[in-house]
Every structure is written in structure tokens, then in C-alpha cells.
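A.B. asks: Please find one structure pasted underneath; my questions will follow.
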Ligand SMILES: Cc1cc2nc3c(=O)[nH]c(=O)nc-3n(C[C@H](O)[C@H](O)[C@H](O)COP(=O)(O)OP(=O)(O)OC[C@H]3O[C@@H](n4cnc5c(N)ncnc54)[C@H](O)[C@@H]3O)c2cc1C
């Protein structure tokens, strides 16, 4: 078959595969080189702990993927992708049994937060979630460019400038404050820093539009479907094929790296312009995740009844405690009560359980490169809001930050979002430029979650980088 040029993609995560599919759709001959034994990166799943129990190794909930304009246009359902929604998106329990409860429906969420906070929740997220599809044309690409929907973007964007803790204090009651703070904490940043509302506002807005679904059969179904489509389009995938030096790269019209900037700097070495090499080497990584997968008989006995029906439970207590925890982790200390994310994907996708035994996905925010064992801190946090949890644990397995990095070199020091989301890196990505996907070496691009719009299994960094690569090809031809 005649191809319209050749492309190499290094790294087969959601972004690498999205880039590969976008290029193959335009007739290019694409080869993906993946270091691990299977593609998927942060979207892989497998049986673990107990026969028949299916665990997500990394990503779990997908408001950004189901709402991704690129993924939605691929008809991945033809390759086995199906979404399933839990009854409740997210619950943030408090001591004493109360909780902030996030539903896909903004009306239901607002009703649960009381009159005053319900009104404020609606004022913040109502219009942006109604306009999310238009808005995503602006927020799911490079952030520094002329917006297509300036009014919608302004309405969405103004609150995101605020520190997460300050925006949480717009609400009067602790359930609403904690609910917002827990989602804002996905940024892995101290909540008193500017722009730490941005990721929380984005996830909540997308969630009110699309919910927080899981992929049936595990998050690996997203990347398996992308890989199947790529092969159907004539693309090739080589696994167990780490690329660590430029000399390993085959000649190609374009090469895209689904890698952390430091790895790109090592591979391209002195081919990179000095200013780009400096920026990539100095790229900052943030705090880490410490993950524990549990097998739990009869599920978690949460005191709050809503938490028993929620896909995600944010375990971190009131706003002040979440904020103090994020601050400590940023300063290199594990707090006694770290912020813990708990996933009960099996509630939406019962095929993941084995009879009465269910898979529970948890991770805590811990300092970058943390070398201790946070298993007990995570267990104690869950037990605090679900007395009797310990007695239901059938088996567990922990993954340290170092093990995360060994699993996927993009997670430097256990940083699972591929880079600190401080104001500069959040807005620009790896370097201050209007062309975040260009490495400065003609034909070479970076497409990982280090680039805009950032982390998530949405594939948009890859799709955007592929467009930049195609524009480059048109220019040189
Ligand atoms: C524990 C955890 C929980 C998460 N939860 C969520 C969630 O609920 N929802 C969500 O949307 N996102 C979540 N994420 C984040 C999400 O998984 C990532 O943002 C996303 O996977 C980034 O995609 P990517 O393609 O940029 O990179 P990655 O997924 O990191 O993929 C990079 C790929 O490149 C390969 N690679 C690395 N180095 C080399 C090399 N030298 N040569 C060849 N191949 C190489 C890796 O093996 C990997 O397959 C989570 C991540 C983790 C770890």
C-alpha cells in the first residue's frame, strides 16, 4: 500500500496511540515503539489479587475521555469500548457521617448542597457545563491562542485563576467546601497557590456534562480500542521496545514522543536547540502517588450511605485538612492523614468483581520520590470513614512511587500526572512557547500529558501534536 509519509511514535499511552491513529487516518505509515510488554501507558488493567478480580493499574474514571472530541470521533465502540456510569460520581465524606455529594446532574448536586451553596454551585458550573462541548475547543488545545468562544471561556476561566482553597471558601458549608477541595486536589498542588482551581473546575464542569464513567472491562479497554483501530489503519506496534537514544529512531518524516520532557532531552541530546534542552531538563515534576489495590468482601462499609453508591470517594476530611495535606506533601512530608482517592469502579461495571469480593482502587498523595510505606495511612483513612473496613480486606497490593516509575518511565519520582501543574507548566506545558508540541528539531514533536491540555486518558495532547506534525509536513512539502 502506498503511504503518505512515515511516522514514528515513541510510547504507546493514550496520547501516543491517539497521535498514531490521527496520523494513520491521514494515510501515514505509523510505527509505535512501546517500552512495556503491552501498550496502554496510564490506561491499562488486569486481573490481580484474587482470580476474576479486575483492577485498573492507573487511570480509572473518565469524564475527560468520554468528552474528548478526538476519541468521540473514532467510533471506538466498534473496537469494544463501552462506558458505564456509577449512580453517584463522587462523594467526599466528613467525620460524623455528613458528605459532599457530586452527581452528574447539576440539579441533584445543587439540591444536596442546600439552598445557598446549591445556588453558588450552579452559578459556578451551570453555564460552563451546558457549553462544555464548545468550551472544550478552547480548553483542550494549547491554552495560549485566540479563543473560539471567548465569552464561554471567560465565564469558565475567571474562577480558575483563584487558588483552590479560596474558591472552596465561596461555599458556606463544609460539605460543599470539601467536595470542591477534593476535586481541586487532583492538581497535586498546595491549594493556596494561584490557578489551583483550574483542574478542579475543569473536571467538575466536564463531569456535569458527561459524568464520571468507567470503561467496561477496565480502563485498558480505551487503549486496546485505540490500538485495534491503529492496526486496522495499517499501523504497527512494537512492544518491549524502549527508545533511549536517538540512534534507535528509524528514519521517518515525523517522530512524536509520548514521553516526559527529560526523556526527550536525553534521546534528542545535542540535536535539541539549547533553550529547549534547558527547558526540558529543568521541567519540574510534582508529588507522587502511592497506590494500594484491595480485594474487599462485600465492599466498603462507608458510614455515609451515598459513599456506598459512588464511583469515587475522596477521603481527606474537611477543606482545611485537604489543604494542609497537599501543602505538606508539596514540602516533602507525608501527613498523618494524607489525601486518598478511592475508586469503586465495580459499582458501574460489576463484571470486575468475583462474587462477593470487589476490587478497590486507592492511592494517596505522597511526596515526590517518597520511599516509605503509606499502606497503613491509606487503610486508616478509609477505616476512619468506614469502620469495619479492615475486617473486610481479603488481599492487598501496594505500588510505591519508585515502582510507578519502573512501570512507566513517564512517572518520574512517582509523579503520575507527568509534571508539576504550577501556573507556568499548566498554561504552557514543558516550555514557554506558543508551539508546545514542537521540540525545535524539524519533524520532532512531544505529545505526552506534559503538553496541553495535560493529564488524563483523553488523547487530546496526542491529537493536537499530530495536527502540528501534519501542518509541518504540509509546510516542508
Ligand atoms: C494511579 C493513576 C491514576 C490515574 N487516574 C486517572 C483517572 O482516573 N482519570 C484520568 O483521566 N487520568 C488518570 N491518570 C492519568 C492518566 O493515566 C495519564 O495522564 C495518561 O495516561 C497520560 O497519557 P500519555 O499517553 O501522555 O502517557 P502515559 O500513559 O504515561 O504513556 C506513556 C507510554 O510510554 C511508554 N514509554 C515510556 N518511556 C518509553 C521509552 N523510553 N520508549 C518507549 N516507550 C516508553 C510507557 O511505557 C507508556 O506506555 C492516572 C494515572 C495514574 C498513574
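The values are calculated or read from the model by the stated rules, or taken from the named source; none is laboratory data. Computed from a predicted model, the values in this text were never measured in an experiment. Please note: Cβ atoms are built from the backbone with ideal geometry, for glycine as well, and neighbour counts cover all protein chains shown.
A.B. asks: State whether one or more residues within segment 350-359 are crowded, with 24+ Cβ neighbours inside 10 Å, more than 16 Å from the ligand (Cβ to nearest atom), more than 22 Å from residue 326 (Cβ to Cβ) and modelled with pLDDT of 95 or more.
C.D. replies: Residues of segment 350-359 that are crowded, with 24+ Cβ neighbours inside 10 Å, as a first pass: 352, 358-359.
Add one more test, that the residue is more than 16 Å from the ligand (Cβ to nearest atom), and what stays is 358.
From what's left, more than 22 Å from residue 326 (Cβ to Cβ): 358.
If we keep only those that are modelled with pLDDT of 95 or more as well, we get 358.
Among the residues of segment 350-359, at least one is crowded, with 24+ Cβ neighbours inside 10 Å, more than 16 Å from the ligand (Cβ to nearest atom), more than 22 Å from residue 326 (Cβ to Cβ) and modelled with pLDDT of 95 or more, which makes the answer yes.
A.B. asks: Does any residue of segment 132-140 turn out to be touching a helix residue (DSSP H, G or I) at 6+ places or on another chain (Cβ under 9 Å), buried (at least 23 other Cβ atoms within 10 Å of the Cβ) and over 22 Å from residue 18 (Cα atoms)?
C.D. replies: no
A.B. asks: Would you tally the residues in segment 360-389 being surrounded by fewer than 16 Cβ atoms within 10 Å (Cβ to Cβ) and in a strand (DSSP E or B)?
C.D. replies: Number of matching residues: 0.
A.B. asks: Can you say whether residue 217 is away from the ligand (no atom under 12 Å from the Cβ), at pLDDT 95 or above and part of a loop (DSSP other than H, G, I, E, B), as far as the supplied structure shows? Reasoning before the result, please.
C.D. replies: Working: away from the ligand (no atom under 12 Å from the Cβ): yes; at pLDDT 95 or above: yes; part of a loop (DSSP other than H, G, I, E, B): yes.
Yes: the conditions hold for residue 217.
A.B. asks: Consider residue 323 carefully, then state whether it is more than 22 Å from residue 293 (Cα to Cα), more than 22 Å from the chain's Cα centre (by Cα) and more than 15 Å from the ligand (Cβ to nearest atom).
C.D. replies: no
A.B. asks: State whether the residues of segment 229-236 include one that is in contact with a helix residue (DSSP H, G or I) (Cβ under 9 Å, 6 or more places away or on another chain) and surrounded by 24 or more Cβ atoms within 10 Å (Cβ to Cβ).
C.D. replies: yes
A.B. asks: Does segment 13-42 hold any residues that are within 15 Å of the ligand (Cβ to nearest atom), part of a loop (DSSP other than H, G, I, E, B) and in contact with a strand residue (DSSP E or B) (Cβ under 8 Å, 6 or more places away or on another chain), and which are they?
C.D. replies: Within segment 13-42, 34, 39 meet the criteria.
A.B. asks: Something else now. Among the numbered criteria (1) part of a helix (DSSP H, G or I); (2) surrounded by fewer than 17 Cβ atoms within 10 Å (Cβ to Cβ), which one does residue 70 miss?
C.D. replies: (2)
A.B. asks: Identify, please: which residue in segment 12-31 is more than 18 Å from residue 71 (Cα to Cα) and in contact (Cβ under 8 Å) with a residue 60 or more places away in the chain and is, among those, surrounded by the fewest Cβ atoms within 10 Å (Cβ to Cβ)? Before you say what the answer is, go through the steps one by one.
C.D. replies: In the first step, residues of segment 12-31 are kept if they are more than 18 Å from residue 71 (Cα to Cα); the result is 27-31.
Then drop every residue that is not in contact (Cβ under 8 Å) with a residue 60 or more places away in the chain, which leaves 28-31.
Details: 28: 24, 29: 20, 30: 29, 31: 18.
Top of the filtered list is 31.
A.B. asks: Between a residue in segment 33-48 that is closer than 18 Å to residue 18 by Cα and any residue that is within 8 Å of the ligand (Cβ to nearest atom) and assigned to a strand (DSSP E or B), which pairs come within a Cβ distance under 7 Å, given they are 6 or more apart or on different chains?
C.D. replies: Pairs found: 33/10.
A.B. asks: Return the residues of segment 43-53 that are more than 6 Å from the ligand (Cβ to nearest atom), under 20 Å from the mean Cα position of the chain (by Cα) and crowded, with 20+ Cβ neighbours inside 10 Å; say none if nothing qualifies.
C.D. replies: At the first step, the residues of segment 43-53 found to be more than 6 Å from the ligand (Cβ to nearest atom) are 44-53.
Right, trim to under 20 Å from the mean Cα position of the chain (by Cα) and you get 44-46.
Scanning segment 43-53 gives 44, 45.
A.B. asks: Moving on to the next point. Please state which of the following conditions residue 292 fails to meet, knowing it meets all the rest: (1) within 16 Å of the ligand (Cβ to nearest atom); (2) over 23 Å from residue 18 (Cβ atoms); (3) in contact with a helix residue (DSSP H, G or I) (Cβ under 6 Å, 6 or more places away or on another chain); (4) in a loop (DSSP other than H, G, I, E, B).
C.D. replies: (4)
A.B. asks: Here's another thing I want to ask about it. Starting from segment 235-260, take each residue that is in contact (Cβ under 8 Å) with a residue 12 or more places away in the chain and list its partners that are away from the ligand (no atom under 11 Å from the Cβ) and in a loop (DSSP other than H, G, I, E, B), counting only C-beta distances under 6 angstrom and pairs at least six apart or across chains.
C.D. replies: Here the result reads 253/5; 254/443, each pair linking segment 235-260 to a residue that is away from the ligand (no atom under 11 Å from the Cβ) and in a loop (DSSP other than H, G, I, E, B).
A.B. asks: In addition: Could you pull out the residue among 336, 321 that is out of contact with any strand residue (DSSP E or B) (no Cβ under 9 Å at 6 or more places or on another chain) and in a helix (DSSP H, G or I)? Explain how you work it out, then say what you get.
C.D. replies: On the way: 336 fails: in a helix (DSSP H, G or I).
Answer to the check: 321.
A.B. asks: Consider residue 108 carefully, then state whether it is more than 16 Å from the ligand (Cβ to nearest atom) and within 20 Å of the chain's Cα centre (by Cα).
C.D. replies: Working: more than 16 Å from the ligand (Cβ to nearest atom): yes; within 20 Å of the chain's Cα centre (by Cα): no.
Here the answer is no, as residue 108 does not meet what is asked.
A.B. asks: Another question, then. Within segment 234-272, how many residues are in a loop (DSSP other than H, G, I, E, B) and more than 11 Å from the ligand (Cβ to nearest atom)? Talk me through it step by step, then tell me what you get.
C.D. replies: Start the filter on segment 234-272 by keeping residues that are in a loop (DSSP other than H, G, I, E, B), which leaves 234-235, 239-245, 249-253, 258-260, 272.
Restricting the remaining residues to those that are more than 11 Å from the ligand (Cβ to nearest atom) gives 234-235, 250-253, 272.
The total comes to 7.
A.B. asks: Another one. On the given criteria, is residue 125 part of a helix (DSSP H, G or I), within 30 Å of residue 340 (Cβ to Cβ) and at pLDDT below 85? Step through it out loud before you land on a result.
C.D. replies: On the way: part of a helix (DSSP H, G or I): yes; within 30 Å of residue 340 (Cβ to Cβ): yes; at pLDDT below 85: no.
When the stated conditions are applied, residue 125 does not pass them.
A.B. asks: Would you list the helices (runs of 4 or more DSSP H) that sit entirely within segment 390-477 and hold 2 or more residues that are more than 10 Å from the ligand (Cβ to nearest atom), free of Cβ contacts under 8 Å to residues at least 24 places away in the same chain and in contact with a strand residue (DSSP E or B) (Cβ under 8 Å, 6 or more places away or on another chain)? So that I can check it myself, show each step before the final result.
C.D. replies: Values: elements: 401-407, 423-428, 460-476.
Qualifying helices (runs of 4 or more DSSP H): none found.
A.B. asks: Right, next: Please work out if residue 56 is near the ligand (Cβ under 9 Å from one of its atoms), in contact with a strand residue (DSSP E or B) (Cβ under 6 Å, 6 or more places away or on another chain), more than 30 Å from residue 471 (Cα to Cα) and touching a residue at least 24 places away in the same chain (Cβ under 8 Å).
C.D. replies: yes
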